[in-house]
Amino acid sequence: MTAIDETQARRWRLVLGTAAEQPLGGLGSADDEAMDRALSALYNTGDDQSSGKRSAGLGGSAPKVARWLGDIRTYFPSTVVEVMQRDAVDRLNLTQLLLEPELLEAVEPDVHLVGTLLSLNRVMPETTKATARMVVEKVVREIEQRIAAHTVAAVSGALNRAARVTRPRLRDIDWDRTIRTNLANYLPEYRTVVPERLIGYGRKAQAVRRDVVLAIDQSGSMASSVVYASVFGAVLASMRSLKTSLVVFDTEVVDLTEQLSDPVEVLFGTQLGGGTDINRAIAYSQSLITRPDDTLFVLISDLYEGGIREEMLRRVNSMRESGVQVVVLLALSDDGAPAFDHDNAAALAALGIPAFACTPDKFPDLLALALDRGDVQAWANRNT
């Protein structure tokens with residue numbers, strides 16, 4: 001057997017379990033055996049050992065789970081660790097164990113774990129809340145480092161383009177663009193360009209140039225989107241040229257704008273799960289809009305409406321017709337294609353409001369395009 005064949009056989013043996021040992025051969029190292037034990041603890045039960053079927057089998061003891069978490073971090077890369085942790089929570093009903101501080105300290109933090117912790121926020125004992133907050137804060141800071149610079153640069157560029165004027169003050173003239181615009185007026189005998197049209201930027205005062213309203217569906221399926229949207233909201237709120245509002249909703253609407261300086265506070269102000277009343281959220285968001293032509297409204301929802309559907313569609317169309325730039329995201333996450341209400345998405349598209357999913361890495365460019373009143377539908381066709 002060649003080295004390549006041996007490697008493939010080893011991998012298949014780890015995937016398929018002990019039932020595959022006879023045709024594929026045994027595991028040759030202590031590390032492989034430790035990896036196999038970690039996989040078996042999660043995916044094999046005692047009843048299934050003889051058949052080799054992978055199914056839930058990890059015991060519900062916090063010390064045992066903590067040791068297992070340490071093992072998988074030793075033998076698997078972080079991307080695999082996140083998948084196995086998610087499987088342990090989803091398949092083995094370990095959510096109650098996540099309320100124990102010693103277990104939380106052993107977990108590899110990621111966006112999905114944050115979503116699980118936020119869903120447990122109301123039942124979390126005081127002894128666990130400090131540890132949970134540290135886990136959430138670590139993930140939030142990592143996301144901020146990943147998206148903040150790109151978001152600020154993209155949004156600032158869009159706002160600067162929007163502020164360009166054709167009768168600028170002398171100190172606000174964009175000489176490079178002015179010269180390019182007037183090249184047809186070049187006078188060879190004087191070796192100069194006659195600037196018949198001046199291009200410049202509006203005065204860089206601290207005046208708010210655009211209003212942004214983020215409305216986030218906090219139903220359980222939107223957990224990752226809630227995390228990312230909260231961090232984006234905090235980044236946007238840090239920009240003085242924007243007035244940013246953030247509301248979260250299920251059947252109730254909660255305005256978290258005052259907490260935007262700290263996205264961790266925003267997240268702990270959410271309550272994942274429950275029903276959904278999009279119509280009510282849009283009605284509240286309309287009350288925040290005072291400058292329709294200068295406002296961007298971003299609705300992040302899977303569009304499963306528990307409120308009055310016709311009223312929801314009427315409101316969002318009224319918002320669009322008043323001059324508001326409306327963007328509907330079915331998800332703001334890296335989780336792949338989301339589940340969503342296709343009928344409502346089609347109804348919005350018929351109103352000229354495309355609904356699509358967006359990854360966090362692409363969201364800054366979408367924001368910039370929307371603030372610049374570009375073609376969002378064309379962007380979605382190219383990027384989703």
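Observations on the model:
- Residue count for the stretch 342-364, restricted to those that are out of contact with any Ser or Thr (no Cβ under 8 Å at 6 or more places or on another chain) and within 25 Å of Ser221 (Cβ to Cβ): 15
- Asp334 vs. criteria more than 30 Å from Thr290 (Cβ to Cβ), more than 21 Å from the chain's Cα centre (by Cα) and surrounded by fewer than 21 Cβ atoms within 10 Å (Cβ to Cβ): no
- Any hit, the stretch 29-43, residues being closer than 26 Å to Asp217 by Cβ, of a type in the set (Asp, Glu) and either at pLDDT 75 or above or surrounded by 18 or more Cβ atoms within 10 Å (Cβ to Cβ) (or both): no
- Residue match in the stretch 148-161 (condition: modelled with pLDDT under 85, touching a Ser or Thr at 6+ places or on another chain (Cβ under 8 Å) and aliphatic (A, V, I, L, M)): yes
- Residue-level analysis places Glu102 outside the set of residues that are modelled with pLDDT under 80, in a helix (DSSP H, G or I) and farther than 28 Å from Gly220 by Cα.
- Only strands (runs of 3 or more DSSP E) whose full extent lies in the stretch 286-384 are considered here, and the ones with at least 3 residues that are within 24 Å of Arg209 (Cα to Cα) are 295-300, 325-332.
- Residue in the stretch 110-125 that is part of a loop (DSSP other than H, G, I, E, B) and at pLDDT 85 or above present: yes
- Here Val139 clears all of (1) at pLDDT 90 or above; (2) farther than 27 Å from Pro338 by Cβ except the condition numbered (2).
- Qualifying residue in the stretch 125-138 (condition: closer than 30 Å to Ala368 by Cβ, open to solvent by 30 Å² or more (accessible area, probe 1.4 Å) and of a type in the set (D, E, K, R)): yes
- Inside the stretch 284-310, residues that are of a type outside the set (Ser, Thr, Tyr) and over 21 Å from Ala331 (Cα atoms) make up a count of 9.
- Candidate set from the stretch 207-229 (those that are farther than 20 Å from Val136 by Cα and touching a strand residue (DSSP E or B) at 6+ places or on another chain (Cβ under 6 Å)); member that is surrounded by the fewest Cβ atoms within 10 Å (Cβ to Cβ): Val208
- Cross-chain or 6+ apart pairs with Cβ under 7 Å, the stretch 73-90 first and open to solvent by 40 Å² or more (accessible area, probe 1.4 Å), then outside any helix (DSSP H, G or I) and at pLDDT 75 or above: Arg73/Glu108; Ser78/Glu108; Glu82/Glu108; Glu82/Asp110
- Within the stretch 230-272, the residues that satisfy the criterion of being among the polar types (S, T, N, Q), open to solvent by 10 Å² or more (accessible area, probe 1.4 Å) and part of a helix (DSSP H, G or I) are Thr257, Gln259.
- In the stretch 285-320, of all residues being over 23 Å from the mean Cα position of the chain (by Cα) and in contact (Cβ under 8 Å) with a residue 60 or more places away in the chain, the one that is nearest to Ala370 (Cα to Cα) corresponds to Asp294.
The values are calculated or read from the model by the stated rules, or taken from the named source; none is laboratory data. Since the structure is predicted, the reported quantities are computational estimates derived from the model, not experimental observations. A quick note on method: Cβ atoms are made from the backbone with ideal geometry, for glycine too, and the neighbour counts reach across all protein chains shown. Protein only, heavy atoms only, side chains kept; ligands, DNA and RNA dropped before computing areas. Shrake-Rupley method; radii C 1.70, N 1.55, O 1.52, S 1.80 Å.
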